[in-house]
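Before any comments, here is the structure.
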Amino acid sequence: MVNDTTPAPSVPAPSPAQRVLVVEDLEDTRASLQELLQMSLGLEVDTAEDGAAGLALLRTKPYSLVITDLRMPKVGGMKLIEAIQGEKIPVTIIVTTGHGNVKDAVEAMRMGVYDFMTKPPDPQHLQLIVQRALRERTLRDEVAALRRELGDRHAFQNVLSRSPKMYDMFELIGNIAETSSTVLIRGETGSGKEQVARAIHQASTAIRPGEFVAVNCGALNENLLESELFGHEKGSYTGADRKRIGRFELAHKGTLFLDEIGDVPMSMQIKLLRVLQERRFERVGGTEPIEVDVRVVAATHQDMEKLVKDGKFREDLYYRLNVVRIDLPPLRERVEDIPVLVSHFCEKFARINQKAPTVSPEAMAMLTKCAWPGNVRQLENAIERACVTARDGVIRTKDLPPEVGRKAEGGKNPFQVDLTRKLPDQLAELVAAFEERYIRRALKRSRGHVGKCAKITGLSRRSITDKIAQYKIDKAQFKGGE
């Protein structure tokens, strides 16, 4: 589980704390870009007259975004990009070119540049691109900061979270690490109960160096479950042609994880209770008692109190299991974990020898608004699918499963009002998202033909071409027809 809880966050807008560096050899252009970004977006903007001066500033101050010309005397934009990548400076790059030569800009895009614009850039287009770039930069920086913060928390390996609820759970795990107390984890299907059990095991390795052994109690009938847990002697039943070591023995000095404990038959519950009380058992068909030192961690998505009340689960076994109880919150109650989980899954499912894909702000907004009834498991499956279908290393809304969009758009008003952000910022974001969907629909109808798309939209061919570049749309995907 890689996983928190405030109201569902909208995609972050550019913050006044974010700093932009404009690298441009023409003084008038440099000054006008600086004034435009400062006045329209409220950003801190520094300037440099060439790549060497820009690199010197990047080495001394943190910047979120660099806007650089490609062709400059002394040190040009391409050299600056190479230096930024070589030194692994965490900054997003937008390039401008005033010579109508798209070849250099395309090469820069291949080097990892976020976007490019021809000079002089349209002010509204520039503002939109800068806003989008800074929103993506914010998401990347937050994930990187979180990873640094959690990098040394080995006791919770594979469990990432920003949620206060989860932090409380981590503290509880730390408190029980040096004990043998039985633990009951309750949480919805797919919320990561086994990962929490593994975290408990990891936290306890100093005193419990044994193995972590898992059993899904709901997947086995009574006879198979008994043999799995306790093992059997050779000849104890038909087909038992050799002795089998059970899971309790395999987990000696370690942790036994009993998933879906609520599905254990009543007759097996009596045997489990005895093992928990006496710490000993016999194999099926055996008479010699076997003593074990095992921490039992059980998990369920069911209401155990109701099972006890309905006579489907033994009350004494329930209290024996429920010594320490951990309630794992569903993903919808720890929404701030979604960007972290998404980043983790993007890396996990990245194509071989390729960088992990990034997620567009619109796609991230859709992900954070989804209810996720299948919890972390559903999110993981969604990102795995998106990593397969994403083009140009960017996951967009079209790459997400249809059910994610339906959950995000549910209700009469699909737009979330965020009073912590200025109205023009939110309007620009909504307009951009709608415009991209409209252009994609028109390209699909016209089978990728720019001229026909222009007629459908009422825009010029030049505008369509600019917007295809702006939204990084691959026309080839529409040439197969509707």
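The values are calculated or read from the model by the stated rules, or taken from the named source; none is laboratory data. If you're wondering where the values come from, they're calculated on a predicted model, not measured in any experiment. When the accessible area is computed, the model is the full protein with side chains, heavy atoms only, and any ligands, DNA or RNA have been set aside. Shrake-Rupley method; radii C 1.70, N 1.55, O 1.52, S 1.80 Å.
Numbers at a glance
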quantity	calculated
Helix-only mean residue ellipticity at 222 nm for the chain, each DSSP H run of n ≥ 4 adding -39500 (n - 2.57), per residue, nearest 500	-14000 deg cm²/dmol
Antiparallel DSSP beta bridges within the chain, percent to nearest 5	10
Solvent-accessible surface ranking, highest first, for 377, 295, 19 at 1.4 angstrom	377, 19, 295
Filter on 74/103; 88/444; 79/452; 243/312 - keep pairs with C-alpha separation over 29 Å	88/444; 79/452; 243/312
Cα gyration tensor shape of region 200-271, rounded if a/c is under 1.5, else prolate or oblate by comparing a/b with b/c	oblate
Which label in (i) -0.57, -0.81, -1.24, -1.36; (ii) -0.36, -0.60, -1.23, -1.40; (iii) -0.51, -0.74, -1.17, -1.30 gives the computed log10 I(q)/I(0) by the Debye sum over Cα atoms at q = 0.07, 0.09, 0.13, 0.14 Å⁻¹	(iii)
Calculated from backbone phi, Karplus (6.51, -1.76, 1.60) coupling profile of region 184-189 in Hz, x at Gly/Pro	10, 9, 10, x, 5, 4
nm² value of the averaged projected area, convex hull over the Cα atoms of region 237-300	4.9
Per-residue ³J(HN,Hα) for region 173-181, Karplus 6.51 cos²θ - 1.76 cosθ + 1.60, θ = phi - 60°, Hz, x for Gly and Pro	4, x, 5, 9, 4, 9, 10, 10, 4
Zero-based 10 Å bins, Cα pair distances in region 192-345, whole percents	10, 36, 33, 16, 5, 1
Gyration tensor over alpha-carbon atoms, region 27-127, equivalent ellipsoid semi-axes in Å	19, 17, 13
Per-residue ³J(HN,Hα) for region 308-319, Karplus 6.51 cos²θ - 1.76 cosθ + 1.60, θ = phi - 60°, Hz, x for Gly and Pro	5, 4, 7, x, 9, 8, 5, 5, 5, 5, 4, 5
Per residue accessible area in Å² of the chain, where ligands, DNA and RNA are left out and the probe is 1.4 Å	50
Amide proton proximity set for residue 115, modelled H, under 5 Å, gap of 5+	95
